[in-house]
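Written out below as C-alpha cells is the structure these notes cover.
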Amino acid sequence: MKQHFSEIVTEVVKNFSLTKDDLVVDVGSNDGTLLKGFKQFGIKTLGVEPATNVALVAERDGIETLNDFFSAEVARKIIERNGHAKVIIGTNVFGHVNDLDNILQAVDSLLTDDGLFIIEVPYLVDLLSKTEFDTMYHEHLSYFSLKPLVTLFKTFNMTLFDVKRTPVHGGSIRCYVRRSPSKIENPVYELLVLEEDLKLNSLSTYLEFATRVRNIKLQLTSLLKRLKKEGNRIIGYGAAAKGNTLLNCCKIGTDILDCVVDNTPFKQGLYTPGMHIPVVSSGRIDKTFRDLPNYALVLAWNYLDEILEKERKYRELGGKFVVPIPEPRIVE
C-alpha cells in the first residue's frame, strides 16, 4: 500500500501541476501514509480521520489531522482554518459513506474552482468476476460500477472525466472528477461499454454470482475439514475485515483454525468477530518450533504476493497456504 500511495502522489503532483501553495485533503486519512508523500514535495496537507487511535499516530508523525467524519460542516471548518483544497482524495472510503450527497456537498464547497477530486473504490466488475464475496461486510455500504458514479457526480455539476483500473484490493477503479465542463477521456467510455457487455444491470448476473459463492463455500469447507481430519494444524493469516465475512459465511471456527496471525498490534490479543478465533502476532510462523502449522488460510488474499514473499522461510520449512478466492487452492 505504501508503494501504491506513492504512485498516486507522484501521478497527481506531476500530471496536475501542484505547487507548494496548494492544499491536499485526504478523507479517511488513516495514519497519514498517503499524505506523507505529498509533504515530501513540500505541499500543504490535511487529513480527516474519524478513528482517534490512528489519527493520533498521524499527528505524531507530523501529519496535521482533523479527528472527525468528513461532512459539509467539517468542510466549512477546514476553509476557515486552512483555505480551499486544490486536491481532495478518498481512497477506500467512498463505499463506507451512507450520505453521499453530504460528502459531495462538502467536496463542492471545499474544492477550488479548478480543483481535482479523486476517489478509489473496489470495482464491482472485479468483485463479480473474481467472486470476491468476502469484500462485502458492514463497513461497505456501496459496491460501485462506473455508470452510477458518472450519474452521481453529474448531479453535483461535476464530471468524472478519467478513470484508471488498479489491482489493489482485488481490483479497484481510481476516478478523477472536476467541475463541469471537462473533456471525458476514452477509458471512461471503455469501462461503460464493458459494464454494459457484462450486464451489470441484470438480476441474472447476481444470481449467477450467488451460485458461485455457494460453490466456494462448499469447496473451501470440504478442503479444510479434510486437512484437519488428516491431522494437520491450520491457522488463519491476516485478521482482515474481509476475512470475517469468509469465516462467518463458511462457519470456520476454532475447530478448524488454532488462531489467526496478524502483524497489526491493534488487533493482537483480540478475537475475530462472530467465530471468536484468537488473533496473535504473525511472528508465530516466522520461527522453527515443534508445532509449526502445516497450513495457513489466507484471509488477506489481496496481499497474497507480499505474504508469499514475506513467509518464504515458513514455506521452505514445509508450510503451505490455502487461498480461498477466486476458488479454493493450495499454494506451497
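Selection of first residues in segment 43-63 that are closer than 19 Å to ILE89 by Cβ and of second residues that are in a loop (DSSP other than H, G, I, E, B) and of a type in the set (A, V, I, L, M), restricted to Cβ pairs under 6 Å at least 6 apart or on distinct chains, gives the following pairs, ordered by first then second residue: ILE43/LEU18; GLY47/ILE63. If you check GLU195 against the conditions, is it surrounded by 15 or more Cβ atoms within 10 Å (Cβ to Cβ), not aromatic (Phe, Trp, Tyr), not in a strand (DSSP E or B) and not assigned by TED's automatic domain parsing to the domain that holds CYS259? So GLU195 passes the test.
Candidates are the residues of segment 177-192 that are in contact (Cβ under 8 Å) with a residue 40 or more places away in the chain and either outside any helix (DSSP H, G or I) or touching a Ser or Thr at 6+ places or on another chain (Cβ under 7 Å) (or both); the one that is farthest from VAL121 (Cα to Cα) is ARG179. In this structure, does LYS229 turn out to be of a type in the set (Lys, Arg), assigned by TED's automatic domain parsing to the domain that holds LEU297, closer than 30 Å to ILE330 by Cα and surrounded by fewer than 12 Cβ atoms within 10 Å (Cβ to Cβ)? So LYS229 fits the description; yes. Being surrounded by fewer than 22 Cβ atoms within 10 Å (Cβ to Cβ) and over 18 Å from TYR176 (Cα atoms) is the requirement here; does GLY95 meet it? So GLY95 does not fit the description; no. Exactly one residue among VAL213, VAL163 is outside the structural domain of GLN105 (by TED's automatic domain parsing) and either within 25 Å of the chain's Cα centre (by Cα) or not in a helix (DSSP H, G or I) (or both), and that residue is VAL213. Of all the residues in segment 20-55, those that are more than 16 Å from ILE78 (Cβ to Cβ), among the aliphatic types (A, V, I, L, M) and in a loop (DSSP other than H, G, I, E, B) number 1. Does LEU247 fit the bill of being assigned to a helix (DSSP H, G or I), among the aliphatic types (A, V, I, L, M) and within 19 Å of MET1 (Cα to Cα)? No.
The values are calculated or read from the model by the stated rules, or taken from the named source; none is laboratory data. Because the structure is a prediction, the values reported are computed rather than measured. Positions of Cβ are generated from backbone atoms using ideal geometry, with glycine treated the same way; all protein chains shown enter the neighbour counts.
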